[in-house]
1. Show me the strands (runs of 3 or more DSSP E) entirely contained within the stretch 308-387 in which 1 or more residues are of a type in the set (K, R).
2. Filter the stretch 306-357 down to residues that are among the aliphatic types (A, V, I, L, M) and over 23 Å from the mean Cα position of the chain (by Cα) and give me whichever is surrounded by the fewest Cβ atoms within 10 Å (Cβ to Cβ).
3. Considering only residues that are closer than 23 Å to T242 by Cα and open to solvent by 80 Å² or more (accessible area, probe 1.4 Å), which ones fall in the stretch 169-182?
4. Please verify whether the stretch 408-430 includes one or more residues that are more than 30 Å from I83 (Cα to Cα), open to solvent by less than 50 Å² (accessible area, probe 1.4 Å), out of contact with any strand residue (DSSP E or B) (no Cβ under 9 Å at 6 or more places or on another chain) and assigned to a loop (DSSP other than H, G, I, E, B).
5. Which pairs do you get when a residue that is in a helix (DSSP H, G or I), found in the stretch 107-120, comes within reach of a residue that is open to solvent by 70 Å² or more (accessible area, probe 1.4 Å), reach meaning Cβ atoms under 8 angstrom, with the pair 6+ apart or on two chains?
6. Using beta carbons and a limit of 6 Å, which pairs, at least six apart or on different chains, have the first residue in the stretch 281-296 and modelled with pLDDT under 95 and of a type in the set (F, W, Y) and the second one surrounded by fewer than 17 Cβ atoms within 10 Å (Cβ to Cβ) and not in a helix (DSSP H, G or I)?
7. Among the residues of the stretch 51-74, which ones are among the polar types (S, T, N, Q) and open to solvent by 30 Å² or more (accessible area, probe 1.4 Å)?
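The values are calculated or read from the model by the stated rules, or taken from the named source; none is laboratory data. These numbers were taken from a predicted model, which means no experiment stands behind them. Neighbour counts are summed over all protein chains in view; Cβ atoms, including those assigned to glycine, are modelled from backbone coordinates with ideal geometry. All accessible areas refer to the heavy atoms of the entire protein, side chains included, with ligands and DNA or RNA removed. Shrake-Rupley method; radii C 1.70, N 1.55, O 1.52, S 1.80 Å.
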Amino acid sequence: DYSFYIDNLTPGIDREELCVNYFKSILLGYNHIFITQLLEKINNPSANICLPLVNKWNGETHIDNLIIISHPEDAERICKKHIKKAPIFKSLLNTSIISTTDNEDWRKQRDEMTNTFLPKYSLQHVFPESVKRARLCSELLIKMSSDYSESVDMSDFFLNETQAQLQKAMFGFSDEFEQKTNKRIRNAFSGIDTEYISEFSIEALKETISSDGPASLLFHGSKDEEKNRGNMLLFAFAGHDTTGHTLTWLLYELCKHPEYKQQLIEEIDEYWMNNSIEDYNTFFQLPFMTKCITETLRMWPALANGTYRELEKDEEIYGINGKKVKVKKGTFCQIMNWTRHRNKDLWDNPDQFNPNRDFKESEIWHHEGFGGYNVSSERFSPFTYGPRNCLGKNFSQMEMRLILLNIFRNHDFTLEEKQLKTIDDPKYMGINTFTMGPASVYDGLLGMFVNIHLRKSKL
């Protein structure tokens, strides 16, 4: 046990009780709610707090201090100034770009990968393949709903589609490989047949040899097998899971607010009247869709846990009472998204879905449409802050717009009867593991059930 009490940072709760309850909340996927409740108890939603964290980050089981950073000034500064990652993902992802704790190693990997995800350099070239897959969405939904007679789990649907988009567009993998591995690797990531994770990393790296997608090219000629397997698993998980959850939460909120859903449908109809085919350069014609995506990223951040850092030098941060506290070099910090994105001192009615809220200029693409830069502010960081911001953010934004354009072109959605009951349930706040998705109202961990309706298009 290496944890210890820090005045004005450690909540005034029995330390053993705090340690046990915090660990329990992580295991059961509600740590974002647990931390929010602690901040409510101390009556300061912007407070930074220190919690005792049970972890096995370095191979042995420890209890370490973990400072949850919720103060907006500290969040942005620490992310930009202390780029060394805490070793949270090292045991699973080896020395991948997200898990390496060596800053020079991270810089080298970042330099090698940056071009792969740039809009002009790479994404415009994979756009046709993304379009092809997105156009299949309507056919798949009709099949999954047995010709509109059964409800569909849209969480599973979106996760399937984003995994398919990743494999086929970014990697250029074959149809056969995608169909063979899609469901199985998603199951493995969710805890079913986890032994397949290692097998998949080996199979996928072999597939890159005969593939020429921009992500596959990253692995051509690379001899570091440990790093390659870590990065492959990172891409396979983070490259689909976060986007799939964002689309699921967005559809959930649109079904809860039919007036916004109708506004989006009208914008999509207008898009199709002005464009015979999807065009990468016409996404500026979807400003309301951009607002809906941005508000979903705020309200339901797939990365509710944010990012983790190890302080590279001593720091001063705001404590529980608003006064500065000195924190030593080497301390682990978690720069959390959920607590800032739902902070009532930073947002009006933060628990209300409102795509028309007044976003700052840096938080949205000029209210026009898709753009190729990192949206963020002190209170908002869905893709975290530079320099270690998410590499795949632009691909995610591109595929979300393509999928939404195609599923709403001829269809409308309503929440299934049992799913509808969750809109009045204050405890329905997501399952937060590595990422945060909606809890299933039936058997299983995740799920979002809707009815699909063929609508009379204006086209």
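1. 324-327
2. V325
3. D175, Q179, K180
4. The answer is yes; a qualifying residue exists.
5. If the second residue must be open to solvent by 70 Å² or more (accessible area, probe 1.4 Å), the pairs left are N115/Y121; T116/L217.
6. F284/E368
7. Within the stretch 51-74, N58, T61 qualify.
Every residue, every condition in (1) hydroxyl-bearing (S, T, Y); (2) open to solvent by 40 Å² or more (accessible area, probe 1.4 Å), yes or no:
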position	(1), (2)
I83	no, no
R107	no, yes
S151	yes, yes
S155	yes, no
